[in-house]
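We did not get these values from a lab; they are worked out from the coordinates using the rules stated. Note that the coordinates shown come from a computational prediction; the quantities given were computed from them, not determined experimentally. We place every Cβ from the backbone using ideal geometry, glycine too, and count neighbours over all the protein chains shown.
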Amino acid sequence: MNFLEEKILKDGIIKEGNILKVDNFLNHQIDIEIMKQIAEEFCRRFKGEEITKILTIEASGIAIASILALYLNVPLVFAKKSHSVNVDNDKYCAEAFSFTHKTTNNVFVSKRYLSKEDKVLIVDDFMALGSAMLALTNIVEQAGATVVGIGIAIEKGIQEGGEIIRKKGYRLESLAIVDSMDAATRTIQFRKQDC
């Protein structure tokens with residue numbers, strides 16, 4: 001069992017409907033030490049890859065992506081979900097459905113921040129259906145850039161997102177893969193991984 005699986009067992013809350021709440025350390029209140037460990041593990045897993053940019057989606061992935069970008073000494077770009085007056089109209093756009101919020105967002109990245117020369121590592125805190133990752137890979141492809149890999153802190157293996165991403169040929173590294181959860185017994189089964 002790795003550090004993140006241990007933290008999920010200790011501090012995660014299982015709710016009915018296959019909901020895993022980890023907002024007390026991952027995506028509402030942030031445990032910086034865990035963020036550092038996640039970023040260090042992604043550095044280890046993607047060691048040797050040429051990476052020129054980190055890409056995530058607002059808002060929860062930004063904490064992990066920031067520390068990882070610091071360690072790799074590369075810029076961090078995040079796809080925005082809402083438009084404002086200071087956003088360029090010259091942008092790459094894709095649609096992403098949020099399992100957590102049950103909404104579909106048009107996410108975008110200004111064309112100034114991704115180019116065909118970029119080697120992009122996509123990261124996020126959580127993946128269920130894989131819609132956000134598909135949107136981000138779509139944006140990278142629109143830019144003519146290369147997806148080096150995808151790093152996910154927690155993958156819900158009980159949903160199809162990971163399978164979809166892997167079948168598309170992307171290198172997906174998930175630090176904790178939840179294969180089953182039971183709210184009544186408060187138990188979680190993690191997939192065994194060779195890492």
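Based on the Cα atoms of the range 90-140, what semi-axes does the equivalent ellipsoid have, where each is the square root of 5 times one gyration tensor eigenvalue, given in whole Å with the largest first?
Working through the eigenvalues yields semi-axes of 21, 13, 7 Å.
Suppose R0 equals 22 Å; then what is the FRET efficiency for ASN2 and LYS102 from their Cβ-Cβ distance, rounded to the nearest 0.05? So the FRET efficiency works out to roughly 0.15.
Indicate, rounded to the nearest 5 percent, the antiparallel portion of the DSSP beta bridges found entirely in the chain. Let's see the in-between values first.
Values: 16 of 37 bridges.
Around 45 percent antiparallel, to the nearest 5.
Partners of LYS167 within straight-line reach, counting lysines whose Cα lies under 17 Å from its Cα and excluding those fewer than 8 residues away in the same chain: LYS156.
Using Cα pairs closer than 8 Å and at least 6 residues apart in sequence, work out the relative contact order for the range 1-85, in percent. Mind dumping the intermediate values first?
Working: 86 pairs, mean separation 19.3, N = 85.
Once normalised by length, the contact order is 23 percent.
Between the beta carbons of LEU9 and GLU160, assuming R0 = 22 Å, the FRET efficiency works out to 0.35 to the nearest 0.05. Taking the C-alpha atoms only, the angle from helix 131-142 to the longest principal axis of the chain is near 20 degrees. Considering only beta bridges that DSSP places wholly inside the range 133-188, some 25 percent are antiparallel.
Arrange the peptides 142-148, 156-162 so that the one whose residues have, on average, the most other Cβ atoms within 10 Å appears first.
Details: 142-148: 17.4, 156-162: 19.1.
For the peptides 142-148, 156-162, the packing ranking is 156-162, 142-148.
Could you sort out which of LYS116/LYS192; LYS81/LYS168; LYS7/LYS116; LYS80/LYS119; LYS21/LYS116 sit more than 31 Å apart by Cα distance in this structure? Walk me through the intermediate numbers first.
On the way: LYS116/LYS192 36 Å; LYS81/LYS168 24 Å; LYS7/LYS116 38 Å; LYS80/LYS119 20 Å; LYS21/LYS116 37 Å.
Cα-Cα > 31 Å for LYS116/LYS192; LYS7/LYS116; LYS21/LYS116; rest within.
Expressed as cubic angstrom per residue, what is the convex hull volume of the alpha carbon set of the chain? Please list the in-between numbers first.
Details: hull volume 22.4 nm³, N = 195.
It is 115 Å³ per residue.
In the frame of its principal axes, the range 1-68 has Cα extents of 41, 28, 22 Å, reported largest first.
Can you tell me the FRET efficiency between LYS168 and ASP23 if r is taken as the Cβ-Cβ distance and R0 is 22 Å, rounded to the nearest 0.05?
Numbers: r = 29 Å, r/R0 = 1.32.
Using R0 = 22 Å, I get an efficiency of 0.15.
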